[in-house]
Amino acid sequence: MWALYAIGPELERRLGSARFLALYLLAALGGSVAVYLFGIAAVGASGAIYGMFAALFVLAKKLGYNAQGVLWLIGANAVITFVVPGISWQGHLGGLITGALVAAVFAFAPARNRSAIQWGGCAAVLIVLVALVLGLPPFAVQAELGIFG
């Protein structure tokens with residue numbers, strides 16, 4: 001929650017409240033979908049936080065800012081994810097990828113029809129995430145139970 005407090009206001013200021021909310025919720029869903037597909041269980045909003053990290057990186061690159069600090073933030077948190085037992089790397093990676101995709105849609109949408117493209121991109125990400133859950137089995141659970149086929 002500290003990360004949300006620390007970087008959330010800056011992202012919300014740059015994106016606006018509605019886009020920030022869409023980014024946060026889609027990154028959280030992306031993390032949850034990754035856990036569904038490749039994990040066993042997870043609790044928390046860390047996928048959404050990782051999505052915000054990715055968005056901060058994408059926006060920094062788009063605006064020409066030095067993104068080295070964000071890379072260090074992502075790297076340090078990734079190390080913690082893989083070193084400390086019991087942390088869901090699946091949720092973190094899913095949130096990071098989803099956050100980067102949504103932020104790229106927001107940052108690089110052409111000026112003409114920008115809002116329509118941005119919201120259409122969010123809808124497309126949502127549809128893909130829902131389709132993944134509806135169309136693919138949870139692989140990690142199947143592996144754990146020895147069920148394949």
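Testing the spin-label approximation: label points 7 Å from Cα along Cα→Cβ at A6 and F108. State their distance in nm.
2.8
By how many degrees, between 0 and 90 and to the nearest 10, does the Cα long axis of helix 46-63 differ from the longest principal axis of the chain?
Tilt relative to the chain: about 30 degrees.
What translational diffusion coefficient, to the nearest whole µm²/s, does region 42-141 have by Stokes-Einstein, given a Kirkwood radius computed over alpha-carbon pairs, a temperature of 37 °C and 0.692 mPa s viscosity?
It diffuses with D of about 221 µm²/s by this estimate.
Helix 114-135 versus the longest principal axis of the chain: what angle, 0 to 90°, nearest 10, using Cα atoms?
0
Show that you can apply the helix-only estimate: for the chain, add -39,500 (n - 2.57) for every DSSP H stretch of four or more residues, divide by all residues, and state [θ] at 222 nm to the nearest 500. Could you put the intermediate results ahead of the total?
Details: 7 runs with 119 residues, N = 149.
Helix-only estimate at 222 nm: -27000 deg cm²/dmol.
Using a Gaussian network model of the chain whose springs link C-alpha atoms within less than 10 Å, name the residue from A104, A54, A76 with the highest mean-square fluctuation.
The residue with the greatest mean-square fluctuation here is A76.
Report D for region 42-96 in µm² per second (integer): Stokes-Einstein, Kirkwood Rh on Cα pairs, 25 °C, 0.890 mPa s.
Calculated translational D: 213 µm²/s.
In region 1-85, how does Rg compare with the Kirkwood Rh, expressed as the Rg/Rh ratio over alpha carbon atoms?
Taking Rg over the Kirkwood Rh, I get 0.98.
Relative to the longest principal axis of the chain, what angle (0 to 90°, nearest 10) does the C-alpha long axis of helix 68-83 take?
The two axes meet at around 10 degrees.
FYI, it's all coordinate maths here, none of it is from the lab. Not measured: the values here are computed from a predicted model. Cβ atoms come from the backbone with ideal geometry, glycine included; neighbour counts cover every protein chain shown.
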